[in-house]
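All remarks here apply to the structure that follows.
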Amino acid sequence: MTRRWSLAAMCGAWLLCMSGAAQASLQVVVCEGLSGESAYAEQFATQVDAVKRAASTVTDPQHIKVLDGRNCNRDAFSVLLKQLAGSLVADDRLALYLIGHGSFDGEEYRFNIPGPDFTGHELQSWLGSLHARDQLIVVTGSSSGALQELLKAPSRIVITATRNGAERNATRFGGDFAAALSDATADSDKNGSISVQEAFDFAQRRVQAFYERDVRIASEHALLGGAQASSVTIARLSNATHSTVAGAEGDAAVAHVDSPVRRRIVEAIEALRLRKADLPESDYDAQLEALLLQLATLDATAAGAGSAEAPR
């Protein structure tokens, strides 16, 4: 009876995982604004690359859209978000990164891009048309704090490099936030991944340390609005975690952790945890148990295969 139950649970977990993976996804959009100076161009390009690499550890490549400094104009950006509005479903998740300078005239925020800038109210409207319930918005530049209240919405996390629109100087926050995505010291709970909260805390500490070290008055104060920042993973450190394992065994470990099947199971678990408050406790527990069983089975199978192939 126990064996039959285990097989049934494993099959149920597999079907649940594959069904969830087919219906839900994490979509990542990165928009790089105008740099204005060569030094900022290099910084922004580095940040975009870091975000793109981090995104590739938590979602499939086809779900990552990057508009660089030459291509992130108002029309291209709005078209991309409108396309997502037509394809995303409620269980999908969105992570949007705006990397670049911003401005605020006392009434309207603008993100600086080639051609006409788009405004905070336009961004609010575009995001509001998306059916994805869970959204992460990260705006790394000057005056971005003007977006905090404007973009506030249920199940949306908003990170800005400044606390209001009046902090207009170029910011350091974006570089430190991007650095957190591949820095093991940002992983405060040592679980091999970086959450939104961990990346924010890491960047905030770095920015504060910079101004204290230079004995300067801080011209930026980052803000995080919204709940569940600790539950949302935006990067995995699997390659770094397993890079010390030697030879083919280490390569197999990395390949397993980064495999599409395992990634989809982990994504399904994280999506389920974000929906915990919306589900009856018994339903949540049953679905979580099924997914965890599937993950454990997959890991055990991979470990057994690695042991069988390991040289004696």
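The values are calculated or read from the model by the stated rules, or taken from the named source; none is laboratory data. Note that the structure is a prediction, hence the values are computed from the model and not measured. Note: ideal-geometry Cβ built from the backbone for every residue, glycine included; neighbour counts use all protein chains shown.
Residue check: Val79 meets all listed conditions (1) of a type in the set (A, V, I, L, M, F, W, C); (2) free of Cβ contacts under 8 Å to residues at least 24 places away in the same chain; (3) in a strand (DSSP E or B) but one, namely (3).
Of all residues in the stretch 171-217, those being at pLDDT below 95, under 22 Å from Glu37 (Cβ atoms) and part of a loop (DSSP other than H, G, I, E, B) number 2.
Considering each of Leu224, Leu288, Leu279 in turn, give the residue that is within 23 Å of Asp134 (Cα to Cα), exposed (fewer than 15 other Cβ atoms within 10 Å of the Cβ) and either modelled with pLDDT of 60 or more or not assigned by TED's automatic domain parsing to the domain that holds Arg93 (or both). Let's see the steps before the verdict.
Values: Leu224 fails: exposed (fewer than 15 other Cβ atoms within 10 Å of the Cβ); Leu288 fails: exposed (fewer than 15 other Cβ atoms within 10 Å of the Cβ).
From the options Leu224, Leu288, Leu279, the qualifying one is Leu279.
Residues checked against (1) within 24 Å of Arg93 (Cα to Cα); (2) touching a helix residue (DSSP H, G or I) at 6+ places or on another chain (Cβ under 7 Å):
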{"position": "Pro116", "(1), (2)": "no, yes"}
{"position": "Gly120", "(1), (2)": "yes, yes"}
{"position": "Ser129", "(1), (2)": "yes, yes"}
{"position": "Asp134", "(1), (2)": "yes, yes"}
{"position": "Thr140", "(1), (2)": "yes, yes"}
{"position": "Ser144", "(1), (2)": "yes, no"}
{"position": "Leu147", "(1), (2)": "yes, yes"}
{"position": "Asn164", "(1), (2)": "no, yes"}
{"position": "Asn169", "(1), (2)": "no, no"}
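Which one is farthest from Asp278 (Cα to Cα), of the residues in the stretch 157-171 that are surrounded by fewer than 21 Cβ atoms within 10 Å (Cβ to Cβ) and of a type outside the set (A, V, I, L, M, F, W, C)? It comes out as Asn169.
Considering each residue of the stretch 153-167 in turn, at least one proves to be under 20 Å from Val48 (Cα atoms) and assigned to a loop (DSSP other than H, G, I, E, B).
Kindly provide the set of residues from the stretch 135-152 that are farther than 16 Å from Arg110 by Cα and not in a strand (DSSP E or B), ordered by number. Correct list: Lys152 only.
Going by what's in this entry, would Arg110 be described as of a type in the set (D, E, K, R), in the same structural domain as Ala85 (by TED's automatic domain parsing) and closer than 16 Å to Gly36 by Cα? The answer is yes for Arg110.
Of the residues making up the stretch 82-107, those that are part of a loop (DSSP other than H, G, I, E, B), out of contact with any Asp or Glu (no Cβ under 8 Å at 6 or more places or on another chain) and farther than 24 Å from Ser155 by Cα number 4.
Applying the condition of being within 19 Å of the chain's Cα centre (by Cα) and among the hydroxyl-bearing types (Ser, Thr, Tyr) to the stretch 115-150 and asking which residue is nearest to Ser103 (Cα to Cα) yields Ser144. Exactly one residue out of Leu130, Leu123 is in contact (Cβ under 8 Å) with a residue 12 or more places away in the chain and in a helix (DSSP H, G or I), and it is Leu123. Restricting attention to the stretch 58-71, and to residues there that are surrounded by 13 or more Cβ atoms within 10 Å (Cβ to Cβ) and closer than 24 Å to Val232 by Cβ, which single residue is farthest from the chain's Cα centre (by Cα)? It comes out as Leu67.
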